1. Can you show me the helix-derived [θ] at 222 nm for the chain, built from DSSP H runs with n ≥ 4 at -39,500 (n - 2.57) apiece and divided by the number of residues, rounded to the nearest 500.
2. What's the magnitude of the charge dipole for the chain around its Cα centre, counting Lys and Arg as +1 and Asp and Glu as -1 at the beta-carbon? Answer in Debye, nearest 20.
3. Just to be sure I understand, if you calculate mean projected area of the Cα convex hull in nm² for this structure, which of (i) 7.8; (ii) 5.8; (iii) 5.5 do you get?
4. I'm a student and want to see the number: the projected area of the Cα convex hull of the stretch 19-58, averaged over all directions, in nm².
Amino acid sequence: MKSYVVFLIQNVLFGAYSLIEWFSVRDKLQAKVILLGVFIYLCYVLAHSIIHKKKQAAVTTVISFLFYFSFQSLFYYFIF
């Protein structure tokens, strides 16, 4: 149950990342990659503080990352 809650919270955080990236259209790719790294680290720290297991926190973060950005690309494909 903790993993599911972490998964939902991380998807909200990745949504916030997408919103921030949308507002920073003029930024270079390097700045966007650094920002993505910061958000991934923030999601991992949040997961580790809730789950208290490093491996499970990392796996949950990776699954959440892949889930969100794969569905985001599908959404953009069908909408635009």
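1. On the way: 3 runs with 71 residues, N = 80.
About -31000 deg cm²/dmol.
2. Magnitude of the dipole: close to 260 debye.
3. (iii)
4. Computed as one quarter of the Cα hull surface, the answer is 3.1 nm².
Read the figures in this text as sums done on the coordinates, not as results from a lab. Predicted model, so just to flag it, every value in this text is computed and none were measured. Glycine gets a Cβ as well: all are built from the backbone with ideal geometry, and neighbour counts include every protein chain shown.
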